[in-house]
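Quick notes on the structure that follows.
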Amino acid sequence: MDTSPFYAGGTHLAWCAADAVIVPVRVDEHSIASLELTLDILSNKDRDFTTWNNRAGGRPAPRIAAIVMTMVGSKSQMRAVPDRASRMYIERALAIAAKYGHLFDHADPADAFVITDDFVSSGRISGAKSIPIAKLKVGQFHLVEGKRLQVNSSAL
């Protein structure tokens, strides 16, 4: 279930129904703060999630199956290599995950991380045009919200 990026009723219900979750995180300050908040909500016994979960029968919090870090345009000249800023955010996310290691499916939370390459244009094209990313053609241009976007090879 894909929920909104903030904790609300739908997110709470999805977490209650799930055994494990995948947490998407962009390489930016807001997403790193949101990652820490999410992990705290899932583990802190004084937070709303645990309180309401206990009232509903005490299901355990879902495990973290994966944290998917998206580089969203921040990469070095070498294909699939994060630039220094991206590496800094990835390192911060790893440190946060280590603080909440008990939430992860993996003994080492670092094993739950997936670092994706830049797919901003392709992702926007896919979403706006309802074309699966795998069906996009490298180099092809699409008009999305008045902007001419090109499918880049790193997304496919």
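The values are calculated or read from the model by the stated rules, or taken from the named source; none is laboratory data. Note that the coordinates shown come from a computational prediction; the quantities given were computed from them, not determined experimentally. FYI the Cβ positions are ideal-geometry reconstructions off the backbone, even for glycines, and counts take in every protein chain you see. Keep in mind that these areas ignore ligands, DNA and RNA; they rest on the heavy atoms of the full protein, side chains included. Shrake-Rupley method; radii C 1.70, N 1.55, O 1.52, S 1.80 Å.
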Just the residues that are closer than 16 Å to R63 by Cβ and among the aliphatic types (A, V, I, L, M), please, taken from region 99-138. L103, A107, A110, A112, V114
Name the single residue that is most open to solvent (accessible area, probe 1.4 Å) among those in region 31-45 being over 12 Å from the mean Cα position of the chain (by Cα) and more than 12 Å from R92 (Cβ to Cβ). K45
Pair list, Cβ < 7 Å and 6+ apart or interchain, from region 2-29 residues that are free of Cβ contacts under 8 Å to residues at least 60 places away in the same chain and of a type outside the set (V, I, T) to residues that are part of a strand (DSSP E or B) and open to solvent by 30 Å² or more (accessible area, probe 1.4 Å): D19/R63; P24/V68
Restricting region 89-113 to residues that are farther than 13 Å from P24 by Cα and not in a helix (DSSP H, G or I), which is most open to solvent (accessible area, probe 1.4 Å)? A107
